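Visitor: After the structure tokens below, expect a handful of questions from me.
Derivation of every value follows stated rules applied to the coordinates shown; laboratory data play no part. Keep in mind the model is a prediction, meaning the values are calculated, not measured. Quick reminder, even Gly has a Cβ in these numbers, built from the backbone with ideal geometry, and neighbours come from all protein chains shown.
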Amino acid sequence: MIQISINTLKAELNEQALLKGLAQNDSKAVETLYKGHFAMIQHFVENNNGCFDDARDIFQEAMIALYEKVQLDSFVLTCQIKTYLFSICKHLWLKRLHQLGKYSSPLSTHEESISVETDMGIFEKKEAAFAIMDRALNSLGEPCKSLLEGYYINKKGMQELANQFGYTNADNTKNQKYKCLLRLKKLFFAQYNIGD
Amino acid sequence: MEDIQLLETIERYLSGEMSSEETIQFELTRKNNSEIDQMVVEHKLFLHQMEAYAQRKIVQQTAQQTFNHLLAEGEWSPLELDLPKYKVIQLWTKYKKTFAIAASFGGFIAIITSLIVMYLSPSLNGTQLLQLSKAVEVIKKNQQVQGHLLNEVKSKVPENAKLISGGSGFLIDIKGFIITNAHVLKGDGAIVIDSKGQELNAKIIYSDINNDLALLKIEDKDYVQPKNIPYAIRHKISDL
């Protein structure tokens, strides 16, 4: 009895460590998640009208959803990572099949799953905002896109960016960055509604 | 230019880069100028979205790299599917119900149609049928007689010609040369009949009465040259 409970505790601690790793974007944690659970999702998708690439996309999306959830202050995972990932993948795949008009019969699976409707609602909103930012950045053109990505995503300093892009000094780079930022904000807020 | 300076100030304010003195002054400006206040709120929201975008982008990159790395190491292999077969199964599962409805509807229509035809078709009595079969019999006989006449017309023997002799010969060349005995030829023309019963006109080219041999050549548009003659001819003195 004691042995069993220690083992469960161990497993739970492992999962907690894994989630912590994911929250910190640790590639070892990401690799462990892929190694531990991707095969299950591949099997599920390939048995339900999908292919390997579909499984790849769905799993990546589920992992990002888990990442977003871990980021929340109110984060509690009430089930195993495996069950959570599977539930999200199932939800996403059902939605994809529905969009393609392919879905007709109940999905064939033996995995247990939980309801992820609430989480998915939050995730979809975040995803929509992400898509708007992505479109806005991509329609900026170069060098604005790379300059802003360098500053906001890769967190590079002004001098480093000046060297990379060939500006004569950091001040000019900063000026250029703000010009680009004004354009990006205009593009972003043209599509983003705060109320949504 | 002013926009840019304002944006820079707001960003410095939001990222906490301002000195406490500067911060107090800027907050005062904010309080008195609702437009600037609005811009601060908006930029705060924007920076928040930007940070969320950045984080997600980085996780996406990590996931992609990890996945590609593991895939290259052969951690998983895509399931090879027999695509055409797979498509058919897909179509079948998708349209199963439609197929069933279409099939039963088709069956229903077929039954209704045959019932209507049965109901509407005129009933024939026995004598009428007998008359009909007799008429058909007469037509059949006429046709047989006509067919016979047609066969006669087709023959290549002139109508008033008399068959005075006959014999056998054999093809020695694909161009239609035939060797036969001279004594069987009693006129100046000949009709050759091949093994399948087809009649062909032929001309006597040469006849050697001493050796009792004659050479015929088929001259007929119906003659189809065979690819080769079905036997070999050798230069050799025969030995009886």
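Visitor: Please list 3J(HN,Hα) in residue order for segment A:37-50, calculated via the Karplus relation 6.51 cos²θ - 1.76 cosθ + 1.60 where θ = phi - 60°; whole Hz, with x for glycine and proline.
Guide: Couplings: 10, 5, 4, 4, 5, 4, 4, 4, 5, 5, 8, 10, 6, x Hz.
Visitor: For a distance above 15 Å, tell me the whole-number percent of Cα pairs in segment B:162-240 that qualify. Don't jump to the answer; show the numbers that get you there.
Guide: Numbers: 1792 of 3081 pairs.
Pairs farther apart than 15 Å: 58 percent.
Visitor: Which cysteines in chain A lack any other cysteine whose Cβ sits under 4.7 Å from their own Cβ?
Guide: By the Cβ distance rule, which asks for a partner under 4.7 Å, the isolated cysteines are A:51, A:79, A:89.
Visitor: Here is a further query. Along Cα→Cβ, 7 Å out, is where each label goes; now give me the distance between the ones at residue A:165 and residue A:183 in nm to one decimal.
Guide: 1.0
Visitor: What three numbers, in Å, describe the spread of the alpha carbons of segment A:1-82 along their principal axes, ordered from the longest?
Guide: Principal extents (largest minus smallest coordinate, Cα): 44, 32, 22 Å.
Visitor: Further, regarding this structure: Quick one: compute a quarter of the convex hull surface over the Cα atoms of the protein assembly as shown and quote it in nm². Let's see the in-between values first.
Guide: On the way: hull surface 240.1 nm².
So the Cα hull casts an average projection of 60.0 nm².
Visitor: Could I ask something else about it? Treating segment A:121-191 as a set of equal point scatterers at the Cα positions, no solvent, please give the Debye-formula log₁₀ I(q)/I(0) at q = 0.13 Å⁻¹.
Guide: -0.40
Visitor: Setting aside same-chain residues fewer than 8 positions from residue A:28, which aspartates and glutamates have a Cα under 14 Å from its Cα?
Guide: The qualifying aspartates and glutamates are A:15.
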